[in-house]
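Have a look at the structure below before the remarks.
The values are calculated or read from the model by the stated rules, or taken from the named source; none is laboratory data. In this text, all values refer to a predicted model and were calculated from it rather than measured experimentally. Cβ placement follows ideal geometry from the backbone for every residue including glycine, while neighbour counts extend to all protein chains displayed.
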Amino acid sequence: MSNRLWFPTLGLVAWLCCLSLEPVQGGKILVLPVDGSHWLSMKILVEELSRRGHELVVVVPECSLLMKGSDSYKTEIYKVPYTKDELDKTMNALKDGVFLKPPAITDLFTNMERLINFTSLQVEGCESLLNDHSLMTRLREEGFDLMLTDPFLPCGSVLAHMFSLPTVYFLHGLPCELERRANQCPAPPSYVPVPFSGNTDIMTFPQRVKNMVMSVMGSYMCKVIYSHFDDLVSRYLGDDMTYKDLLGLGDFWLLTQDFVVEWPKPLLPNMAFIGGINCENASPLPEDLEEFVDDSGDDGFVIFTLGSMVSDMPAEKAKEFFEAFGQIPQRVVWRYTGVPPVDVPKNVKLMKWLPQNDLLAHPKAKVFITHGGIHGVYEGICNAVPMLMFPLFGDQGDNVHRMVSRGVAEKLDMYDVTAEKVVTALNKIIRDKSYREKIVEMSVIHMDRQVEPLDLAVFWTEFVIKHQGAKHLRVAAHELNWIQYHSLDVIGLLVIILLTVLFVTFKCCLCCTRSRDYKMTVVLGAHDITKAEKSQQRIEVAEYIRHPNFKGLYDYDIMLLKLNNNATLNKYVKAIGLPKKDKNKPAHTVCTVAGWGNTEPNGSTSNVLKETTEKLQFDFECKNIWKEHFCSQRMICTKFDKKTGGVCQVSKS
């Protein structure tokens, strides 16, 4: 048994050793991050790359919120045409009003305007960098191997194109799914929900209609949101290039997503999920904080933070939370920098900054009250803590929707929050064990992976450095126009072929029918049909009228012919009287049969007119002869001989 295990293990060790024979040499990486929570996730990768021997230069504006220098990387600072106060004012505008008014349809346009105003300010800063010729020259001369950037802002992509550097994008997502559109990644609206649609991957027909409409609207929104990005790209890179076109040139996309949160959807070879990259091993808590949570007993404690950018709220809203926390047995650790009331509940600890991941990893953590930022969502999942969520802006509403849909969170709106609602939601999450069970299951699935997100991000970054890009992973859809991408030209050709075949078939049938109508001629007064007799009258048929009930060979096999002109009645051409209605001839009545038909079974037709007499048979005899083909209500028959059939043998001309 031991030998069986030893040799495969030895082989695996040898294989891993072979893989490490060619380590990636330390590369020079230019980093252009985005401020705020975006930087917190990217910083983890930057520091790990530095630890693995790569040289990194992080380019940051002189006015920033969270980006600071570090011993792990070199920092290049560029001047921007705005002050720190102006930056704070723009950031505050993004969250303005979310605490005080209900969401409305007009908020979509208001939020778009605020986003455009914020990014427009950042674009001005980007232009300052691009116009800083001394810094640009210095960066160009560094000879970088790679650009690592967050495409939420355009500066990194523009700089990478100007320096001809392979690019790795690090992001969670972009407004109107520009990352998917730029990378030509398919997302069928039949089962991939559009962000903020409120749909899951299982949709009813009305929901699919809504999803399709929102998907189409997304294309228009992209043009509006990124119009100033397009202008920047066009001015500095020319060739009428758009920002979407520029992003499409990227080599690899590192997405802080995971299918434990995302709905199942297609991915392309140059995309990798690294959701949970920020989930780190817990560090010891500060002594006073550890004492506070350890003494929470069996009731445990609640963590409350609205992310790195929101640390306070209007006093009337804060009052509702203080009142709610005073009614629960759990202790509360709250990141709050606002003015606290005089009577802060004893079970509440206010902090200007709290170790979020370390608190969530504590075994007595019961509920995580969060705004739904993706950074906090993954830390909640990794540590298996159910959540009470208050989405504020950005992608938070969609993140919250996913978590609520999976039964691991409850959602409340900040604009109408009350102490009663908070207490009810907290009690529901804590007392209903399904929330804990589902988040534990979610955590187990998320943590069960072949490669850790950080290692995966490092691998692909080093892969792009080593191979000077990853163009072999870029799909050929980039070279197709919209018609070719959706195969509309192929479908159009097939439709044309089909319509042509149908048209030709219809025309042939029509021509055949018209030909039949035109050429059908009645010959009256004929005796020998092979001769042109003087007695004959040839009259073309103007119209033939089938019996409306004719469906087979026997039943209703009668037709009326309307002639183009009247026939001349004479000794050769006479009218035959039809029997009156319901005046049937009795059996054994002698009838005269005339015509040019067969004179024996399987024999030839006659050229001259023949006639014979036949006796009508009883209905039961006809039924025995013709079986199901005979109908006594509208048919008669004559004697049938098995040898001679039903044709005239004794005939005269």
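Quick one: what pairs do we get from segment 249-277, first residue under 19 Å from Ala409 (Cα atoms), second assigned to a strand (DSSP E or B) and of a type in the set (A, V, I, L, M, F, W, C), C-beta under 8 Å, 6+ apart or different chains?
Gln257/Phe273; Asp258/Phe273; Phe259/Phe273; Glu262/Phe273; Gly275/Leu255
When residues of segment 60-111 are filtered for being touching a helix residue (DSSP H, G or I) at 6+ places or on another chain (Cβ under 6 Å), at pLDDT 80 or above and not in a loop (DSSP other than H, G, I, E, B), how many remain?
So the count comes out to 3.
Having 3 or more residues that are modelled with pLDDT under 85 and within 60 Å of the chain's Cα centre (by Cα) is the bar; report the strands (runs of 3 or more DSSP E) wholly within segment 534-623 that clear it.
Values: elements: 537-546, 559-563, 590-595, 610-615.
In segment 534-623, 537-546 are the strands (runs of 3 or more DSSP E) which contain 3 or more residues that are modelled with pLDDT under 85 and within 60 Å of the chain's Cα centre (by Cα).
Do we have Val408 as modelled with pLDDT of 95 or more, within 27 Å of Leu146 (Cβ to Cβ) and of a type in the set (A, V, I, L, M) here? Working first, answer last.
Numbers: modelled with pLDDT of 95 or more: yes; within 27 Å of Leu146 (Cβ to Cβ): no; of a type in the set (A, V, I, L, M): yes.
No, not satisfied.
May I ask you to list the residues in segment 293-312 that are over 25 Å from Ser41 (Cα atoms) and crowded, with 17+ Cβ neighbours inside 10 Å?
Taking segment 293-312 as the starting set, the residues that turn out to be over 25 Å from Ser41 (Cα atoms) are 293-301.
Those that are over 25 Å from Ser41 (Cα atoms) and crowded, with 17+ Cβ neighbours inside 10 Å: Val293, Ser296, Gly300, Phe301.
Against the definition (at pLDDT 90 or above and buried (at least 17 other Cβ atoms within 10 Å of the Cβ)), how does Phe325 come out, yes or no?
Values: at pLDDT 90 or above: yes; buried (at least 17 other Cβ atoms within 10 Å of the Cβ): yes.
Yes.
From the residues in segment 464-497 that are outside any loop (DSSP other than H, G, I, E, B) and in contact with a strand residue (DSSP E or B) (Cβ under 8 Å, 6 or more places away or on another chain), which one is farthest from Phe144 (Cα to Cα)? Step through it out loud before you land on a result.
Residues of segment 464-497 outside any loop (DSSP other than H, G, I, E, B): 464-466, 471-473, 476-479, 482-485, 488-497.
Still in the list and also in contact with a strand residue (DSSP E or B) (Cβ under 8 Å, 6 or more places away or on another chain): 464-465, 473.
Numbers: Val464: 12, Ile465: 10, Leu473: 22 Å.
Taking the candidates together, the pick is Leu473.
Could you check segment 174-222 and list, in sequence order, the residues that are closer than 21 Å to Glu479 by Cα, over 12 Å from the mean Cα position of the chain (by Cα) and not polar (S, T, N, Q)?
Leu178, Glu179, Ala182, Cys222
Output the residues belonging to segment 383-420 that are more than 15 Å from Glu262 (Cα to Cα) and part of a helix (DSSP H, G or I).
Across segment 383-420, the qualifying residues are Met414, Tyr415, Asp416, Ala419, Glu420.
Would you check which residues across segment 305-334 are among the acidic types (Asp, Glu), within 41 Å of the chain's Cα centre (by Cα) and not in a loop (DSSP other than H, G, I, E, B) and list them? Talk me through it step by step, then tell me what you get.
Of the residues in segment 305-334, the ones among the acidic types (Asp, Glu) are 312, 316, 320, 323.
Next cut, within 41 Å of the chain's Cα centre (by Cα) only: 312, 320.
Once the filter is applied, which keeps residues that are among the acidic types (Asp, Glu), within 41 Å of the chain's Cα centre (by Cα) and not in a loop (DSSP other than H, G, I, E, B), segment 305-334 yields only Glu320.
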